[in-house]
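The values are calculated or read from the model by the stated rules, or taken from the named source; none is laboratory data. Because the structure is predicted, anything quoted here is derived from the model rather than measured. Here the Cβ positions follow ideal geometry from the backbone for every residue, glycine too, while neighbour counts run over all protein chains shown.
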Amino acid sequence: MKFPGTSLYKGASLPKKMLPFIYAGNASNSVDGSLCFVGTLIPEKVKGKIVLCDRGVSPRVEKGLVVKEAGGSGMVLANTAENGEELVADPHLLPAALVGQTSGDKLKSYLFSNSNATAKLIFEGTKLGIKPSPVVAAFSSRGPNPLTPGVLKPDVLAPGVNILAAWTGDASPTGLPDDNRRVEYNIISGTSMACPHVSGLAALLMGAHPEWSPAAIRSALMTTAYSVYKNGRPLLDSDTERPANSFAYGSGQVDPVKALDPGLIYDLDVNDYLGFLCAIQYTAQQIRILARKNFTCDPKVKYNVTNLNYPSFAVPLQLSGGGGFEVVKYTRTVTNVGPAATYNVSVDLRSEYVTGFG
């Protein structure tokens, strides 16, 4: 059987022959032994075999080290429901592969029905042009915004899975104490990889438009982002392989070229942010800590989150006393930063994106 998976391993060559294949839960001294925690595998049952471990809260590379220290020759790491079909590469210390939940369930079925199961790990080269792309990572930060549901979060998506990144020589590629390898580049996944992509795009926009405010730059990135593929279908969620929604991708995947010329922007200044803090009932002391200046909310002014000139909208609808929905009003001001043009407004209400608040 062959299953789609991903791995990253630099060391001894992969085993050339089929090896005994076992489930970690059947070779452990712990009730949660399938997760391959430190000290849970029994060497006598693991030595010379390929071990199937379940993905969980402990580091993926640490699970591989646990298998290696118990004498295992290789590891297959299977996603559980929390990560679904998402595949990320790791600098393992032994031959290893990560498979999605569907493939992992099939492998477990094979192991449970065959007492003499065997397996072999084969590297078939780097796959390019994988479609669909991009997809929302399972670990991606998601909304809705619990504190201010009237502000849609997240803002945008950016590349954050299997990113080739520069790596310090002061640390091993896994970060584990037992890993003595040193590399100049590593494959990293996480929001810490998406952040520098967006930061770089912000710097690019600042270079092209030095007169723009930080809010204008954010607006350009958000209003030009895309949420559908070229075939018109919505971006997918990697953990479910189903269409994602606005609380998963925000405004969508950033588009560097389009962001240079957004046409219209939603701008904000310090006073707008101060009014927002008043709207969410920050005290004068709390505002002073953030703004680093004295500011008192005017009791005569009716501050409202719906007036924050943010590039996206989130409308938490609540039933009124009469059983119908209350009327909400959002105010926005746009600034033209391109040539003269005509813009049309449209509303697309998709029921699968609607969620309840309160």
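Here is a list of conditions, (1) over 21 Å from LYS127 (Cβ atoms); (2) under 22 Å from the mean Cα position of the chain (by Cα), and ILE50 meets all of them except one; can you say which number that is?
(2)
Just to check your reading of the model, which residue among PRO132, PRO149 is in contact with a strand residue (DSSP E or B) (Cβ under 8 Å, 6 or more places away or on another chain), closer than 22 Å to ALA248 by Cα and part of a loop (DSSP other than H, G, I, E, B)?
Checking each option against the conditions leaves just PRO132.
Would you confirm whether or not segment 119-129 contains a residue that is touching an Asp or Glu at 6+ places or on another chain (Cβ under 6 Å), assigned to a loop (DSSP other than H, G, I, E, B) and surrounded by 10 or more Cβ atoms within 10 Å (Cβ to Cβ)?
The answer is no, given that none of the residues of segment 119-129 is touching an Asp or Glu at 6+ places or on another chain (Cβ under 6 Å), assigned to a loop (DSSP other than H, G, I, E, B) and surrounded by 10 or more Cβ atoms within 10 Å (Cβ to Cβ).
Would a scan of segment 130-139 turn up a residue that is of a type in the set (Phe, Trp, Tyr) and either closer than 21 Å to ASN26 by Cα or not assigned by TED's automatic domain parsing to the domain that holds ASP239 (or both)?
No, segment 130-139 contains no residue that is of a type in the set (Phe, Trp, Tyr) and either closer than 21 Å to ASN26 by Cα or not assigned by TED's automatic domain parsing to the domain that holds ASP239 (or both).
Among residues belonging to segment 236-274 that are acidic (Asp, Glu) and touching a helix residue (DSSP H, G or I) at 6+ places or on another chain (Cβ under 7 Å), point out the one that is surrounded by the fewest Cβ atoms within 10 Å (Cβ to Cβ).
ASP267
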